[in-house]
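Read the structure below first, then the notes.
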Amino acid sequence: MLYSSHFPGIIRIRISYVGRIDVEYISSVKAAEIMGVSKRRINYMCQHGEILGAVKEGYRWKIPKENLNVKVGTGNKKPLPVGISDYKRAVSEYYYVDKTGLICELLEHKPLVVLFTRPRRFGKSLNIDMLKTFFEKTKDDTSVYFEGTRVWCHEKYRKQQGKYPVVFFSFKDVKFDTWEETFLNLKLLIQSEYRRHGYLLDSERLSVSGKAFFQKMLSGEIENAIMPAMLGQLIEFLRIHYKEKVVVLIDEYDTPIQQGYIKGYYDQVINFMRNFLSGGLKDNTNLERAFMTGILRVAKESIFSGLNNLNVNSILEERYNSYFGFTEAEVKKILKDYGYGDKISLVKEWYDGYHFGGVEVYNPWSVLSFVDANGRIQAYWQATGSNSIISEILENASEEAIENLYLLLEDNRVGTYIDTAVVYPEIKSNPASIYSFLLMAGYLTVDDSNLLLDGNAYGNVYIPNKEVKVAYHKEIVAKLSSIITKGSAIALQQALISNDAKKLEMEMNRLLMAIVSFYDTATESFYHGMLLGLIALLDNYYEIESNREAGNGRYDIQLRPFDKKRTAYIIEIKASDSELQLEQEAEGAINQICDKQYYQKLKALKIKDIVGYGMAFYKKKCYVVSKKID
């Protein structure tokens, strides 16, 4: 790519290959119109090399239209910010859903220290970087990234932009197997932030001893024992240099804590984080304000000991409730803008269902991924990180909790106390805490969360949508795989889709011999959930639905093929009181499918081949019958 940029009057062209000249230059005004930003921001991007090939003629910029990152085939819409946590890039180069109202509310309410707890991939990192871009005092004019946004509508907010020195840490990648590795990487992160503020070594306001201490930190000579105090020390240096209080931003503060719990160094990491946070945020007169994000509020170990200025904003709070995740209005606009407005019901079924402080919220990662993948439904969120919390619960849950888990998989709701200060060790010591864990982590949502009972939050929890249900199914399969082989699970699935009732019965009985010994009082809900988990791997070919209304009742499980040429399956499950009644119960299940016409919707969709399965269980025994439905 060649550009002429030094000789006035010469036409600037891009040569993509010999013999072809295909560049189209446009003005910054036109570029601003295409990208939906201000002309000033476009000029800023050109000046800082953020638009490839932009050249200046006199006082005007000429911009290659094709280098604006406009997504082809979507009505000239910009790319979607899937996985983008850099606010400047998101607002300049991508389709950005304006969340700057969060800044307005924070400036109005003036909390000193705020912890936002939300599930993963709900926009925490992008929002924390937005706060950094807004508050941080830099050489560059970063106000251009807020023009036209909600926060820029009032002068009192604009006066706060670019005013403060900022300390920023992200712990999202601190995931190591040992405490030694974790401490080393925490130390490197702290050194990196000191290095970002290396200009302090030239400050006329810092003392000679202060600069010497700063240099020791950069060179790694600081003793490990005082490493947790380095947050407070950096805040002090910045206050001295700028004569301005400091804003502190910490993203995903609890990632190393969760890793410590899983890998066995929980006490060490808790001790470090307690001293690190209290040393920087407790009674610190140099602090303007601090914002933290995480999934859980780790409170009972006194990690925030003495922080009486801490404001915890969980998914139950009404304040700031619409700034993490997408509201329904935002989702409708995205879908309309990209030509998927007719898919709102499908998107709602798969990615909606969360309730944050009374507001209905969609999973933003999944919505953006759906549009970016040309409207293809898939479980995007469960693939973005470990679902080890579900695995841990399955490992340690009581019989009652397992039973409730299967009730949840059948679209039922479970009433429970809700503790927003739940901690990791309680998974094993307090079985009731599992619902709070799953709620905070995004695997459950809650209604009636404002109902208080004896001063504690109490509500009905349930699985929010189909996407999350897929995560449960796959973790159940993973758990079962420690008991049975993957080959056995595949054999069972193959028997089901080949309409081989006797082979399915044989494989199921073999499976039950290994599993039900763990759950001697297995109920219909247990068998239902277990079977759902085992067939979850078929979700690439079938829409798997459970406990839905059809005909004159509600079927247990239905496998509706995406390709109408494939066979559809309806499964009715019965738990028998006696092994002698298994055959009778299985036949009754088949009759129920036919008598209540569970197949009506499938026939309405013009699916020709439909097979019904009646499955009856008694402890470690199963009896299966099948019937082709005409």
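Cα convex hull of the stretch 328-378: how many Å³ per residue?
Details: hull volume 3.3 nm³, N = 51.
Spread over its residues, the Cα hull of the stretch 328-378 gives 65 Å³ apiece.
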Tilt of helix 486-497 relative to the longest C-alpha principal axis of the chain, in degrees (0 to 90, nearest 10)? 60
Check the stretch 136-199 and count each lysine pair with an alpha-carbon distance under 30 angstrom, considering only pairs eight or more places apart or from different chains. 14
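For the stretch 86-131, just say rounded, prolate or oblate: build the C-alpha gyration tensor, square-root its eigenvalues into a ≥ b ≥ c, call rounded for a/c under 1.5, and beyond that prolate if a/b exceeds b/c, oblate if not.
Numbers: a/c = 2.43, a/b = 1.47, b/c = 1.66.
The shape class here is oblate.
State the extension gain, in nm to one decimal, for the chain segment bounded by residue 554 and residue 242, taking 0.36 nm per residue of separation less the distance between their alpha-carbons. Present the calculation step by step, with values, prior to reporting the outcome.
Numbers: separation 312, 0.36 × 312 = 112.32 nm, distance 6.72 nm.
Between residue 554 and residue 242, full extension yields 105.6 nm more.
How do 45-54, 89-98, 364-373 rank on mean C-beta neighbours within 10 Å, highest first?
Values: 45-54: 16.9, 89-98: 20.1, 364-373: 23.0.
Top of the packing list down: 364-373, 89-98, 45-54.
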Accessible area of residue 109 in the full protein assembly, 1.4 Å probe (Å², nearest 10): 80
Cα gyration tensor, the stretch 163-220 - rounded (a/c under 1.5), prolate or oblate: oblate
Mind pulling up the Rg/Rh value for the stretch 48-145? Radius of gyration and Kirkwood radius, both on Cα. 1.04
Over the chain, what is the relative contact order in whole percent, taking alpha-carbon pairs under 8 Å and six or more residues apart? 10
Where 251, 447, 595 fall by accessible area, highest first, once all protein chains stay in place (1.4 Å): 595, 447, 251
Per-residue SASA entry for residue 156, accessible area with 1.4 Å probe, Å² rounded to 10: 100
Hey, what angle do you get for helix 399-409 against the long axis of the chain, alpha-carbon based, 0 to 90 degrees rounded to 10? 80
The relative contact order of the stretch 272-365, taking Cα pairs under 8 Å that sit 6 or more residues apart, comes to a percentage of 27
How far, in degrees from 0 to 90, does helix 179-196 lean away from the longest principal axis of the Cα atoms of the chain, to the nearest 10? 30
Note down, for the stretch 216-330, the three equivalent ellipsoid semi-axes (square root of 5 times each alpha carbon gyration tensor eigenvalue), biggest first, whole angstrom. 27, 21, 13
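With a cap of 11 neighbouring Cβ atoms within 10 Å, and only residues DSSP puts in a loop, list the GluC sites (Glu not before Pro) found in the stretch 177-222.
Values: sites: 180, 181, 193, 204, 221; in loops: 204, 221.
Hits after loop and neighbour filter: 204, 221.
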Phi angles of the stretch 360-375, converted by Karplus (6.51 cos²θ - 1.76 cosθ + 1.60, θ = phi - 60°) into ³J(HN,Hα) in whole Hz with x for Gly and Pro, give 6, 10, 9, 6, x, 4, 6, 4, 5, 5, 4, 5, 5, 8, 6, x
Spin-label pair residue 374/residue 595, simplified geometry with 7 Å Cα→Cβ offset, distance in nm: 4.8
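Determine the relative contact order of the stretch 160-225: mean sequence separation of Cα pairs under 8 Å and six or more apart, normalised by residue count, in whole percent.
Details: 23 pairs, mean separation 17.0, N = 66.
In percent, rounded to a whole number, it is 26.
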Using only protein heavy atoms and a 1.4 Å probe, report how much of residue 506 is accessible, in Å² to the nearest 10. 90
I'd like the carbon and sulfur percentage of the solvent accessible area for the chain, probe radius 1.4 Å, heavy atoms only, ligands and nucleic acids excluded. 48
What distance in nm separates the simple spin-label points at residue 384 and residue 208, each placed 7 Å from Cα in the Cβ direction? 5.3
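Can you tell me the accessible area per residue over the chain, all protein chains present, probe 1.4 angstrom, in square angstrom?
For the chain, the per-residue accessible area is 44 Å².
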Hydrodynamic radius by Kirkwood for the chain, inverse mean 1/r across distinct Cα pairs, in Å, is 27.8
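The values are calculated or read from the model by the stated rules, or taken from the named source; none is laboratory data. These numbers come from a predicted model, not from an experiment. Don't worry about glycine lacking a Cβ; one is built from the backbone with ideal geometry, like all the others, and counts go over all protein chains shown. Just the protein is used for accessible areas: all its heavy atoms, side chains included, with ligands, DNA and RNA removed. Shrake-Rupley method; radii C 1.70, N 1.55, O 1.52, S 1.80 Å.
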